[in-house]
Each structure stands twice: as C-alpha cells, then as structure tokens.
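The structure appears below as structure tokens.
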Amino acid sequence: MTVLKKNQSDFRQQLIIRLYRIAHWASVTRKILIFSWFITVPILVAYRIVTEWFFQLELPAATKIGRGLIIDHGFALVVNKHSIIGDDCRLRHCVTIGCKINPDGTQGASPRIGNRVDVGAGAIIIGDITIGHDAVIGGGAVVTKDVPEGAVVVGNRARVIKQNPQIHAGVGQLS
C-alpha cells in the first residue's frame, strides 16, 4: 500500500511521511557523496524546521523506518535516530521511542521494533530492547524489556496480558 492509502484520513500525516522519506534519502546520500552536501543539507534543515517547529514531532531523518508507517495524530511523537522501526507499524500521539543513558553518560542502544507493531498513545519504549512482530503496545505503557511476537502489553512497567498462540518463537525474527 502506498503512503496515501495508509494515511488517507489526514493530509498532515501523508506530508510528514513523504517529507521523512525525502529527508532520509538526503541523510543517507550526504554520507556517501561528499559533493551532495549542497543539496542534502538544505533539505535536512528544512525537514527539521517543518517537523519539529510546525508539526511538533521529532522523527529524525537518520531513523530506519520500514514501509507503510502510519502516524495517527502525530503530535509530541519523539523517536531516537538510532531506533529501527519495521514495516506497517502504527504510532500514535505522545509516543516516545528512545535510548537509556548509561551510567558513564554515554547513550545506550535504542529499541528495535518489528513489523506490524501497533503502539498506543502515550506509550514509552526505551532502551536496548526488541519489540516482536505483530505486538500491541497499550496506551501509556512503559516498555523497558523485550516484548515477544504477537504479545499485547500494558501498564507502567509493561506486562504481557495476552499472547497470540499462532505466532511461534523464531518465525520472522528481527535481524
């Protein structure tokens, strides 16, 4: 499905996703081609101004995001640039996906989110963790540990309340 079909209800979300894809291309290109800076840096600056100042969300251009991302009511969305988000995921407003700061002050690893993950409003996913394919993160959940495939997690320290028995461990593991 195209970004227009996935985000058909809101032009704003369509625009954010399209701008992200252009900025991601610029982010990757500027690291490969030295002379591309004349084109890519203005694109990246414009992207940050539009997304952070006008749309009030942080979706860094360097973040690896699969196809089919859906952003529902994207206000206050914050994603760490080292996070990895799979295909066909849905992120709602006030979601934070980030890293922990290590005791020595350095930045720790960021979450890896599988395919078809649905993240509820206000959820916080933080640290060096993996969210399995087809998981559902409930609104307001604070996720600091790995989530198995097909699980539904809720609460502050998130806990699994349901797991799909049809999804077997080891099938479609994240790389």
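The values are calculated or read from the model by the stated rules, or taken from the named source; none is laboratory data. Since we're looking at a predicted model, the values are computed, not measured. When we count neighbours, we look across all protein chains shown, and the Cβ atoms used for this are built from the backbone with ideal geometry, even at glycine. Areas reflect the complete protein model, heavy atoms only, side chains present, ligands, DNA and RNA absent. Shrake-Rupley method; radii C 1.70, N 1.55, O 1.52, S 1.80 Å.
The phi torsions of the range 118-129, fed into the Karplus equation with coefficients 6.51, -1.76 and 1.60 and a -60° offset, translate into couplings of 10, 10, x, 4, x, 6, 10, 10, 9, x, 7, 10 Hz, rounded to whole numbers, with Gly and Pro shown as x.
Taking only the Cα atoms of the range 42-89, the radius of gyration and Dmax are 10.8, 29 Å.
Between Ala46, Ala141, Ala121, the Gaussian network model of the chain with springs among Cα atoms under 10 angstrom shows the greatest mean-square fluctuation at Ala46. For Val50, the solvent-accessible surface with a 1.4 Å probe is about 40 Å², rounded to the nearest 10.
Going through (1) 31, 23, 18; (2) 55, 21, 12; (3) 28, 18, 16, the figure that equals semi-axes √(5λ) of the Cα gyration tensor in Å as computed for the structure here is (3).
Considering only beta bridges that DSSP places wholly inside the range 62-175, some 20 percent are antiparallel. Note on surface exposure: Glu58, Glu149, Glu52 rank Glu58, Glu52, Glu149 by accessible area, highest first, 1.4 Å probe.
When the charge dipole of the chain is built from unit charges on Cβ atoms (+1 for Lys and Arg, -1 for Asp and Glu) and taken about the Cα centre, the candidate among Leu44, Val154, Val119 whose Cα reaches farthest toward its positive end is Leu44. If you add up the charges near Asp128, with Lys and Arg at +1 and Asp and Glu at -1, over every other residue whose beta carbon is less than 12 angstrom from its beta carbon, what do you get? Value of the local net charge: +2.
In this structure the amide hydrogen of Ile131, modeled in the peptide plane, comes within under 5 Å of the amide hydrogens of Arg112, Ile113, Gly114, Val147, none closer than 5 places in sequence on its chain. By how many degrees, 0 to 90 and rounded to 10, does the Cα axis of helix 11-32 deviate from the longest principal axis of the chain? Around 70 degrees separate the two axes.
The long axis of helix 37-48 is offset from the longest Cα principal axis of the chain by roughly 50 degrees. The charge dipole of the chain, taken about its Cα centre with unit charges on the Cβ of Lys, Arg, Asp and Glu (plus for the first two, minus for the last two), comes to roughly 240 debye.
Near Ile65, the amide H atoms lying under 5 Å from its own belong to Ile85; only residues 5 or more places off or on other chains count, and H is placed 1.01 Å from N. Summarising the label geometry, the points placed 7 Å from Cα in the beta-carbon direction at Ala46 and Ile161 lie 4.5 nm from one another. Pairs of Lys residues in the chain are counted when their Cα atoms are under 18 angstrom apart and they lie 8 or more places apart or on different chains; the count is 6.
For the pair Lys64 and Lys100 in one chain, pulling the backbone fully straight at 0.36 nm per residue adds 11.1 nm over the alpha carbon distance.
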